[in-house]
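Here the structure is laid out as structure tokens; the discussion comes afterwards.
The values are calculated or read from the model by the stated rules, or taken from the named source; none is laboratory data. These numbers were taken from a predicted model, which means no experiment stands behind them. So basically every Cβ, Gly included, is an ideal-geometry build from the backbone, and we count neighbours across all protein chains shown.
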Amino acid sequence: MVKPIHSADLAWNEQGYPVACAFDDVYFSNQDGLAETRYVFLNQNQLPQRWYNASVDHFTIAESGFGSGLNFLATWFMFDQLPQEHRPKQINFVSFEKFPLEKSDIAQTLAHWSELKPYAEQLIAHYPTILTQGCQRLVFANGAITLDLWFGDIHESLEQIPTPTSGLVDCWYLDGFAPSKNPDMWSQSLFDKMASLSKNQATLATFTAAGFVRRGLIEAGFSIEKAPGFGRKREMLHGHIERKSSYSTIAPWFYRHKAESLDDIAIIGAGLAGASLSYALSKRGIKHSVFESESSPATAASGNRQGAIYPLLNADQPTLSEFFISAFAYLNQTIHELSSQGHRIAFAQSGVLHLGYNEKAAKKLAKTAQAQWPETLIKPISAEQASDIAGLALEHSGLFYPQGLWATPADLVQAMLSQASASGYGCVQYQHQLTSWQTQEDGKIRLNFANQSSKIVSQLVLCNGHQITDIATCEKLPITPVRGQVTHLKSASPLSDLRTVLCYDGYLTPAHNHSHCIGATYQRGRLERDLSDDDTHKNLAALRNCITQAWTENLNVDDSQGRAAVRATVRDHLPLMGPVPNIDMLTHEYPQLNTQKSREAAPQLPLIENVYTISGLGARGVTSAPLLGELLACELSAETMPVSQKILDALHPARFWVRRLLRGQPATRD
């Protein structure tokens, strides 16, 4: 069940600072909130001294209570003052907030500190407007600063953060409202979980010196000392982890392995998946090559003129919904980021309107609407409202995604590849059809291409859509090819008045370059890409059958007619992201997992060494690809993951076999 998120109820005191009405407490010191942050959290955690001569690539800070973002901005500001050779390559700031502030409240609060203005403006521009439970990753400074905002109860969120046995957090900002005002947060379970997520020598600091907080942190495994407090506060606490417990959220049967060497990575396929990974790797300074079998990028399903983009929501499947909401937000951020860098991407935040075109569709939409989604994400509308939004007469009510959009996928692909190439870390080689590979004794992989060339790489990532099953070791992956054909319509009155994407038993886009897209057919197992007149008629018939208005009758097919492509689909509507399993070993040697004893004794999942995939994106590849690329880049470099462990497990390429083993069934593909 989807849990709602409620924004903070604020009042403003005489100093113009926010006060949380629910806790009757200020968000920071009335004397000087920025000075308090620098003294309590930065100085007492020994920042930036710990960075200055550190040789770490990335450093993770976790914070209990994001509030206005003041602690985050103060940290970013300090990071920016250091020369690059004396700071980590990347800071990952992980923050938890049960009652997030609205964007306008953050802007009003941060206006008090002019030195933070350029940083505050970027935070406000990127700050989520869709507030739902889960994590949303915000990227700043071309990837040098990432902010993971976890909305919801901190106790639940900490349970779900993917954590390796080595730990996750280098430094804790134990913030939030005073223990006397918000005792539910300052609990032993919180302190214990902080210790579980900590790396060796992780530090912490907090403004409070409450005795039960000190005792609880010590019991959890921290060494704690008192220090003079800020301003009128007499004392505060700081310390470091002393007893590191063995803890991981990653079950052996969903094992994922960090790449041992990242000197050269090969990505097969220059579509949405491959381009997204290339873009994510380039921001981390990781060298890689993209190998594409065709002579240009986005020649397969990524090449349609316009894609309808909105998150897939299902009130009965919160993991699926949470993933697509996070992916949708990350895609929006990526498009705006690339556009600001000068790349031309055709898109429009036109909204997406789902119509209840028959009784079955109406019931499905009504069920979706029953969940407590925020109106910034989705809202029910009447037929009259639907007509007003669309700019054309409609006879059905429906659901409206106000932040939905259409975009040209090929533009997005080209922008990501161009940006990766401009960074100096990525390159694309066309007309390179992978035919086979061999793992060498040193663990590196030799790639063989149809043009008789070869390449030695450290990791191989397969992003080649449905063609992944043409490769012998991947032929059993649960990918089904589905042919889809879209039809292009000439834009003429009254169709040219359409202002939003319409979804029915198909979809129709607003005009772009004097043309609209309708589609798409869905034909399992078919691989041909020639245009079919019969499919054109099916697309037109679907529109006219679902919307019986006069404007649907006089439609003219554009000279280009349309486009056919083959999608790679997975039956649970989630893509595959992560290491490729050794399916022979998994099906013949891996034990059952249906008892507590068997799970406790389970070995690590057998994997094909140094081989990964992003595949099975289906009809929602534009929405999911950028986040999937970011996730795999995090996995390869052992960084903090901006999704829950449940989502990560739900994306694992071995999940279908593992689910059968957990049910006590043979690990054969069902």
* Structure fact -> Inside the range 284-299, the number of residues satisfying the requirement of being more than 14 Å from residue 425 (Cα to Cα) and crowded, with 24+ Cβ neighbours inside 10 Å is 4
* residue 473 being among the β-branched types (Val, Ile, Thr) and not assigned by TED's automatic domain parsing to the domain that holds residue 357 -> yes
* Structure fact -> Residues of the range 70-108 being out of contact with any Ser or Thr (no Cβ under 8 Å at 6 or more places or on another chain), in a loop (DSSP other than H, G, I, E, B) and closer than 25 Å to residue 28 by Cα, in sequence order, are 98
* Selected residue (criterion: modelled with the lowest pLDDT) from residues of the range 315-349 that are assigned to a loop (DSSP other than H, G, I, E, B) and not aliphatic (A, V, I, L, M) -> 316
* To do: Sort out which residues of the range 109-134 are buried (at least 20 other Cβ atoms within 10 Å of the Cβ), among the polar types (S, T, N, Q) and part of a helix (DSSP H, G or I), and write them in order of number.
  => 109
* With respect to residue 270, determine if the residue is surrounded by fewer than 24 Cβ atoms within 10 Å (Cβ to Cβ), touching a strand residue (DSSP E or B) at 6+ places or on another chain (Cβ under 7 Å), in the same structural domain as residue 594 (by TED's automatic domain parsing) and among the aliphatic types (A, V, I, L, M). => no
* The lone exception for residue 37 - which of (1) over 25 Å from residue 209 (Cβ atoms); (2) of a type in the set (Ser, Thr, Tyr); (3) assigned to a helix (DSSP H, G or I) it fails -> (1)
* In the list 447, 462, 477, which residue meets the criterion of being under 30 Å from residue 528 (Cβ atoms) and over 27 Å from the mean Cα position of the chain (by Cα)? -> 447
* Filter pass, residue 497 being surrounded by fewer than 20 Cβ atoms within 10 Å (Cβ to Cβ), touching a Cys at 6+ places or on another chain (Cβ under 8 Å) and either in contact (Cβ under 8 Å) with a residue 40 or more places away in the chain or within 29 Å of residue 362 (Cα to Cα) (or both) -> no
* From the options 119, 173, residue that is within 27 Å of residue 46 (Cα to Cα), touching an Asp or Glu at 6+ places or on another chain (Cβ under 6 Å) and in contact (Cβ under 8 Å) with a residue 12 or more places away in the chain -> 173
* To do: Return the total of residues in the range 340-387 being within 20 Å of residue 623 (Cα to Cα) and touching a residue at least 40 places away in the same chain (Cβ under 8 Å).
  => 18
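Rundown of residues vs (1) free of Cβ contacts under 8 Å to residues at least 12 places away in the same chain; (2) touching a Lys or Arg at 6+ places or on another chain (Cβ under 9 Å); (3) more than 30 Å from residue 626 (Cβ to Cβ), yes/no style:
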{"position": "144", "(1), (2), (3)": "no, yes, no"}
{"position": "152", "(1), (2), (3)": "no, yes, no"}
{"position": "156", "(1), (2), (3)": "yes, yes, no"}
{"position": "199", "(1), (2), (3)": "no, yes, no"}
{"position": "205", "(1), (2), (3)": "no, no, yes"}
{"position": "214", "(1), (2), (3)": "no, yes, yes"}
{"position": "224", "(1), (2), (3)": "no, yes, yes"}
* **The lone exception for residue 379 - which of (1) modelled with pLDDT of 95 or more; (2) closer than 24 Å to residue 299 by Cβ it fails** => (2)
* Asked: Just wondering, is there one or more residues in the range 635-646 that are in a helix (DSSP H, G or I) and farther than 25 Å from residue 282 by Cβ?
  -> yes
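Results for (1) hydrophobic (A, V, I, L, M, F, W, C); (2) surrounded by fewer than 23 Cβ atoms within 10 Å (Cβ to Cβ); (3) more than 18 Å from the chain's Cα centre (by Cα), shown as yes or no for each residue.
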position: 263; (1), (2), (3): no, yes, yes
position: 274; (1), (2), (3): no, no, no
position: 277; (1), (2), (3): yes, no, no
position: 282; (1), (2), (3): no, no, no
position: 312; (1), (2), (3): yes, yes, no
position: 327; (1), (2), (3): yes, no, no
position: 349; (1), (2), (3): no, yes, yes
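Each row is one residue, and each column tells you yes or no for (1) out of contact with any strand residue (DSSP E or B) (no Cβ under 8 Å at 6 or more places or on another chain); (2) surrounded by 14 or more Cβ atoms within 10 Å (Cβ to Cβ); (3) of a type in the set (Phe, Trp, Tyr); (4) more than 30 Å from residue 634 (Cβ to Cβ).
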{"residue": "503", "(1), (2), (3), (4)": "no, yes, no, yes"}
{"residue": "530", "(1), (2), (3), (4)": "no, no, no, yes"}
{"residue": "553", "(1), (2), (3), (4)": "yes, no, no, yes"}
{"residue": "557", "(1), (2), (3), (4)": "no, yes, no, yes"}
{"residue": "576", "(1), (2), (3), (4)": "no, yes, no, no"}
{"residue": "584", "(1), (2), (3), (4)": "yes, no, no, no"}
* Structure fact -> Per the list (1) modelled with pLDDT under 95; (2) of a type in the set (Ser, Thr, Tyr); (3) within 29 Å of the chain's Cα centre (by Cα); (4) under 29 Å from residue 155 (Cβ atoms), residue check on residue 55 breaks on (4)
* What tally of residues in the range 251-309 results from selecting those that are of a type outside the set (A, V, I, L, M), at pLDDT below 95 and not in a loop (DSSP other than H, G, I, E, B)? -> 3
* Structure fact -> Selection from the range 203-229 of residues surrounded by 16 or more Cβ atoms within 10 Å (Cβ to Cβ) and hydroxyl-bearing (Ser, Thr, Tyr) yields 203, 206, 208
* To do: For the range 239-248, state whether one or more residues are aromatic (Phe, Trp, Tyr), within 30 Å of residue 651 (Cα to Cα) and surrounded by fewer than 19 Cβ atoms within 10 Å (Cβ to Cβ).
  => yes
* To do: Go through the range 165-202 and count every residue that is surrounded by 15 or more Cβ atoms within 10 Å (Cβ to Cβ) and out of contact with any strand residue (DSSP E or B) (no Cβ under 8 Å at 6 or more places or on another chain).
  => 6
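Here is a yes/no grid of residues against (1) farther than 26 Å from residue 49 by Cβ; (2) in contact with a strand residue (DSSP E or B) (Cβ under 9 Å, 6 or more places away or on another chain); (3) modelled with pLDDT under 95; (4) of a type in the set (S, T, N, Q):
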site: 65; (1), (2), (3), (4): no, yes, yes, no
site: 121; (1), (2), (3), (4): yes, no, no, no
site: 126; (1), (2), (3), (4): yes, yes, no, no
site: 131; (1), (2), (3), (4): yes, yes, yes, no
site: 142; (1), (2), (3), (4): no, no, yes, yes
site: 149; (1), (2), (3), (4): yes, yes, no, no
site: 154; (1), (2), (3), (4): yes, yes, no, no
* Among the residues of the range 28-49, is there at least one that is at pLDDT below 95, surrounded by fewer than 23 Cβ atoms within 10 Å (Cβ to Cβ), over 23 Å from residue 114 (Cα atoms) and assigned by TED's automatic domain parsing to the domain that holds residue 125? -> yes
